[in-house]
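Taking it in order: structure first as structure tokens, then the write-up.
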Amino acid sequence: MQMHEKSQIINLQTVKEIKQSAKEYQQSVISLEQLQKHDSLVALYIYAQNHLSVLMEIFAEMPVLKNLIRRIMLAQDKYMPSYPPMSPVTESHFFCWSAFDLMVGGVKKESFCTIICDYCNSTNFDAMLIEIFENFQQSYCGIYIHEGIHDDCVILRELITNKRFTVKVASGYAGKTGELWYARVLPPLFGLNNYSVIFGTPYIISEVVGRNIQAEWLDYFERQLSISQNINKEKSYQDFMKFGINKDFWMEYITLAYLGFSSESIDVDGIPDIAESLPLGHLADW
């Protein structure tokens, strides 16, 4: 099978087991009535996430994924994903990290999502869902500056890449011009929309009187990004935002930088490599 040749993870017996389990798990997929409460693009991503979550539950039972599952469980115990005040690491943020950003393996690194995509591409799985899964996999949380509001969308410009995005925010947060956001931007789908979406609750990097927060982050990236002839600055930045210095780097930052929250956003402060700038920097073990 193509799947077996690509990843060496799933064999024919496993495929049979997955198909049987999938039938049993279908009842947990989100209903159309629930999806209709959301914006159309947000609804598509939620629908795909729900399907992916079901598949992850099935795949999690496979012994060959024990190392990946162990890392996820350790992080879950450490960060206790929920929502403030219980934990600044939201369930949505943790899901995206565990599915798309956590990579394991040797020469060919695999995430939960890449493994599932390989399986889906070897079957008659819904091609539209596969495309959404792949968009998820390519995503990362970046640092963006708020540049205003147009209609019901927020205009964001990403630091380092300087790419501009017109986004709808799933949580409903609109913010204000000049804010810095740490958030995951997902692109339009199938030519149906002219805007992107912020998936999950955005983290808002607090403004501090007498400090230029944007300049501090730009300086931070200059210190951290490794630029070579083979990797340009934009690619280096994107890899750093997706993978950090270690596997749970950005969740650790969220935890140490946490300030407060509302129902639509979470406030953080500080620069990752300056412990005294972080509200809980004295607990840092980087």
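The values are calculated or read from the model by the stated rules, or taken from the named source; none is laboratory data. Because the structure is a prediction, the values reported are computed rather than measured. All Cβ positions, even for glycine, are placed from backbone atoms using ideal geometry, and neighbour counts span all protein chains on display.
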Looking only at the range 155-170, count how many residues are surrounded by 18 or more Cβ atoms within 10 Å (Cβ to Cβ) and either over 18 Å from SER139 (Cα atoms) or in contact with a Ser or Thr (Cβ under 9 Å, 6 or more places away or on another chain) (or both). 7
Output the number of residues of the range 148-170 satisfying the condition of being at pLDDT below 95 and under 17 Å from the mean Cα position of the chain (by Cα). 1
CYS153 meets each of (1) over 24 Å from TRP250 (Cα atoms); (2) touching a His at 6+ places or on another chain (Cβ under 9 Å) with one exception, condition (2)
Test: residue in the range 138-147 that is part of a strand (DSSP E or B), surrounded by fewer than 19 Cβ atoms within 10 Å (Cβ to Cβ) and modelled with pLDDT of 95 or more: yes
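Can you tell me which residue among GLY260, GLY175 is in contact with a His (Cβ under 6 Å, 6 or more places away or on another chain) and more than 27 Å from LEU74 (Cβ to Cβ)?
Numbers: GLY260 fails: in contact with a His (Cβ under 6 Å, 6 or more places away or on another chain).
Checking each option against the conditions leaves just GLY175.
Do we have GLU131 as modelled with pLDDT under 95 and either assigned by TED's automatic domain parsing to the domain that holds ALA43 or assigned to a loop (DSSP other than H, G, I, E, B) (or both) here? Break it down stepwise before answering.
Numbers: modelled with pLDDT under 95: no; either assigned by TED's automatic domain parsing to the domain that holds ALA43 or assigned to a loop (DSSP other than H, G, I, E, B) (or both): yes.
So GLU131 does not fit the description; no.
Which helices (runs of 4 or more DSSP H) sit wholly inside the range 179-286 and have at least 1 residues that are within 23 Å of SER87 (Cβ to Cβ) and of a type in the set (Val, Ile, Thr)? Outline the logic, then answer.
Details: elements: 213-224, 233-243, 249-257.
Qualifying helices (runs of 4 or more DSSP H): 249-257.
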